[in-house]
1. Looking at the structure I just gave you, is V308 on the phi < 0 side of the Ramachandran plot, at pLDDT below 85, of a type in the set (V, I, T) and in a helix (DSSP H, G or I)?
2. For residues in segment 109-126 being of a type in the set (A, V, I, L, M, F, W, C), over 15 Å from the mean Cα position of the chain (by Cα) and open to solvent by 40 Å² or more (accessible area, probe 1.4 Å), which is nearest to R93 (Cα to Cα)?
3. Looking at L98, L69, which is the one that is open to solvent by 50 Å² or more (accessible area, probe 1.4 Å) and out of contact with any His (no Cβ under 6 Å at 6 or more places or on another chain)?
4. Which one of A30, A85, A92 is at pLDDT below 90 and either open to solvent by less than 50 Å² (accessible area, probe 1.4 Å) or in contact with a strand residue (DSSP E or B) (Cβ under 6 Å, 6 or more places away or on another chain) (or both)?
5. How many residues does segment 212-239 contain that are in contact with a Cys (Cβ under 7 Å, 6 or more places away or on another chain) and farther than 27 Å from L37 by Cβ?
6. Check off (1) modelled with pLDDT of 85 or more; (2) not in a helix (DSSP H, G or I) for A236 and give me the number that stays unchecked.
7. Which members of segment 233-253 meet the condition of being over 22 Å from L328 (Cα atoms) and surrounded by 18 or more Cβ atoms within 10 Å (Cβ to Cβ)?
8. Report yes if some residue within segment 48-59 is open to solvent by 50 Å² or more (accessible area, probe 1.4 Å), modelled with pLDDT under 90 and out of contact with any strand residue (DSSP E or B) (no Cβ under 9 Å at 6 or more places or on another chain); otherwise report no.
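The values are calculated or read from the model by the stated rules, or taken from the named source; none is laboratory data. Source: prediction; values computed, not measured. So basically every Cβ, Gly included, is an ideal-geometry build from the backbone, and we count neighbours across all protein chains shown. We work out accessible area using only protein heavy atoms, side chains counted, and drop any ligands, DNA or RNA first. Shrake-Rupley method; radii C 1.70, N 1.55, O 1.52, S 1.80 Å.
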Amino acid sequence: MTSEEGAVPPREQGWWGPLLATLALLILPATPPFALLVPFDQTLLLLAPSLAICAVIGWRAGGRLPLALVWTVFAVWVLWVPGSASAFALLARGWAVLLTASFGGVVLMGKEERFLPQALVAILIALALGLAVVMVAGGGVVEAGAAVTGDVMRRAEFGQLAWRQFTMRPEWLEFARENVSADLLNTQVEAQFTELPKAARLLLPAMLALESLASLAIAWAVYHRFGRARLGAPLAPLRAFSFHEAFVWGIIAGLLVIVVPMPEVIRVIGMNLLVFFGTLYVLRGLGVLLWFLSPGRWMLVLWTIVVVLFLQVTCAVALAVGLGDTWLDWRNRPRPKSQRSE
């Protein structure tokens, strides 16, 4: 492909990454404990409008109008036709509109080519606008908080009922008779349905930002495999995932707010900073580990299974590696000779 003016840029190659990420975003909200922590269990509420805004921006940049129309019609259907008219459902739809509008404005007006800075700015703008709307609306923060609490408790009650029905099945009863650890497992699961709703309410801003970031990233990746007009730089693979070193101040600020005696509201802000920036550093750490290990396709599948089975340990190790990469910058150092070249 030449660099002549008017030449069509090459589309992104490979569907495995976006497909697996989309499946994860669709499945996790229905999987404990994420079912209680993820703000919106209807992932299409964020994903469909995100794809639509990418297609519309692509059309304005010289892309295909039919693609923009198809995704826009689908997004309108997802947002307004099906679903309930509960207070939480209205909040979810309102957030989807604010998020995609903010992202579209940032991409159209900004000069930044990379996805992550644009997405973070858009999420910050949407959070500010959303807070302003909630504060001036009738009922304000109280009604919005009640709507969020009601939806979290609904999911907790549904999950608890499903778990109790499962423990009454003959297969579980037989397993419980043969394994003394079954009672402990049952107690731990029941405790999750009590404790996780509290955590979900406290960590709503961080989890909302993370779910929104994931939806925008998937939409960006999928669009660049359909559309012919590029919106910006392609998403880097996980093994190359990185960001500015200044992000470490999000971790430092969160730790400082939690360690130093502060009002409860400030402490909640600190916890949200730790969860959001900590997740970004976990992803960065996983990228560094993939760069070091350079697994093949089947080994990558094996490592994925290990990560899922030992999620807490893996996250702790990846967080430490990601934070260390801020100063050590392992991937820009000479690669050890024993490692397989890319």
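1. So V308 passes the test.
2. I125
3. Answer to the check: L69.
4. The match here is A92.
5. The qualifying residues number 2.
6. (1)
7. Once the filter is applied, which keeps residues that are over 22 Å from L328 (Cα atoms) and surrounded by 18 or more Cβ atoms within 10 Å (Cβ to Cβ), segment 233-253 yields P234, L235.
8. No, the conditions are met nowhere in segment 48-59.
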